[in-house]
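Derivation of every value follows stated rules applied to the coordinates shown; laboratory data play no part. Model, not experiment: these values are computed from the prediction. Note: ideal-geometry Cβ built from the backbone for every residue, glycine included; neighbour counts use all protein chains shown.
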Amino acid sequence: MKTYDFDKIIDRTGSGDLKHEVLEQRYGRIDLLPLWVADMDWETPDFITDALRDRLNHSLYGYTIEPTDLWPSVIDWIRNRHGWEVQREWLTFIPGIVRGIGLVVNRFVKSDEKVIIQPPVYHPFRLTPAGNHREVVCNPLRREADGTYRMDFEQLAAMVDEKCRLLILSNPHNPAGITWDRSTLEQLAEFCDSHGILVVSDEIHADMALFGNTHIPFASVSEAAARCSITFGAPSKTFNMAGIISSWAVVPNPKLRAEFYRWLTVNELNEPHIFAPIATIAAYRKGEVWREQMLRYVEGNVNFVMDYCRQYLPQIRPLRPQASFLVWLDCNALRLTQTALVNLFVNEARLALNDGAMFGQGGEGFMRLNVGTQRSRLQEALERLKAAVEACRCS
């Protein structure tokens, strides 16, 4: 079995990567260690690069059909990893998950209807419907004494009215890294189905459950969930190929599927570009060994962060993620305003993380850390942060 080297430093200079190229624009300086946007600092696995290179060797890039193994590879992967038996007719390509959310908003939510989100949550869940002139209403997660989160069904029942048409679910949750349990998903499905609310479940981090936790696909938990939902997924986070748009949708409900997929088809929004199926098949047919080794390395990085903060940065409390390579840092004990907190990270520690406030209500006092990087870089980041905290005498 091949062993992959996740300690190898990759120089991304000249690749046009977002993580480095927009630092001055977004953070005001370029001398930052970037640990923000959710791609990883490891090479995309060789079996994906080899598959793309093989196709590039045939130097004619005209119109193509979907390879016959595209959807079988997706179906097998979902069954083998998540125990969900997806039928071929339920599946289609979509041009990215955030774009998919925008497509659903425009197709199924009228201009006077509302979209429900559960902050703190991935900010495009708010920005995309709001940018399409739909009202966004919040069902904030309830934070427990131990720092974990749960859904607040009491508040959800109190705030929902006849104009609430869509709920966008983050499953696993970003930024808190929650793998929602079956009973929570069943309760959400029953509520939404009975109230005529469509659920879009963003499951892009599904393959990255950590520390023995398990991802449960929303649509798999009950007939109600299957009836009221559209699921979006992709190999892009798992295999570090976000630049290759390779997302897919699953819609079990035939009436909902016919309406959505017909609209996608007539607008040619469900046709993948030439390289997406090639990369997807390679990932799902050859990627399990790499995925397992990557997850163990991520777990080591999470433990490193938690141990370091416990010993050297007790004012910062990381929430141990159940999935993904993103760590939600509770910095409230520093007793800084959000502006001062961001300044501490950016201008004192020279680190680029995601400002917790961007994730909406409940994000104040937090920062999101991407640990999908070499441990040496992670150690450097934490040492910079320790020095900055000591210098400002935060308490």
Indicate the helices, whole DSSP H runs only, in the chain that combine a mean Kyte-Doolittle hydropathy of -1.0 or more with a Cα extent along their long axis of 27 angstrom or more. 288-312
In bins 5 Å wide, starting from 0, what share of all Cα pairs of region 50-135 does each bin hold, as a percent? 3, 10, 14, 13, 13, 15, 14, 10, 4, 2, 0
Evaluated at 20 °C and 1.002 mPa s, the Stokes-Einstein D of region 237-335 based on the Kirkwood radius over Cα pairs, in µm²/s, stands at 124
For the residues Arg55, Arg257, Arg88, what sequence is obtained by ranking on other C-beta atoms within 10 Å, fewest first? Arg88, Arg55, Arg257
Averaging over all projection directions, find the projected area of the Cα convex hull of region 280-368 and quote it in nm² with one decimal place. 7.2
In straight Cα distance, which lysines are under 28 Å from Lys255, not counting same-chain residues fewer than 8 positions off? Lys110, Lys114, Lys163
Proxy reagent accessibility, fewest Cβ within 10 Å first, across Glu288, Glu144: Glu144, Glu288
Quick one, can you get me the convex hull of the C-alpha atoms of region 65-209 expressed as volume per residue in Å³? 128
Given H placed on each backbone N at 1.01 Å, which residues far from Cys164 in sequence or on other chains put an amide H within less than 5 Å of it? Lys114
Please list the non-local residues whose amide H lies under 5 Å from the amide H of Thr373, H modeled 1.01 Å from N, same-chain partners needing a gap of 5 or more. Asp41
May I ask for the distance between the Cα centers of region 15-36 and region 248-264, given as a whole number of Å? 38
Based on the alpha carbon coordinates of region 330-395, what radius of gyration and maximum Cα-Cα distance (Dmax) apply, in Å? 11.6, 33
In what sequence do Thr64, Thr339, Thr231 fall when counting other Cβ within 10 Å, fewest first? Thr339, Thr64, Thr231
Between Ile230 and residues 5 or more places away or on another chain, the pairs with built amide H atoms under 5 Å apart involve Val199, Val200, Ser201
Please compute the Cα-Cα pair-distance distribution of the chain with 10 Å bins starting at 0, giving whole percents from short to long. 5, 22, 32, 26, 13, 2, 0
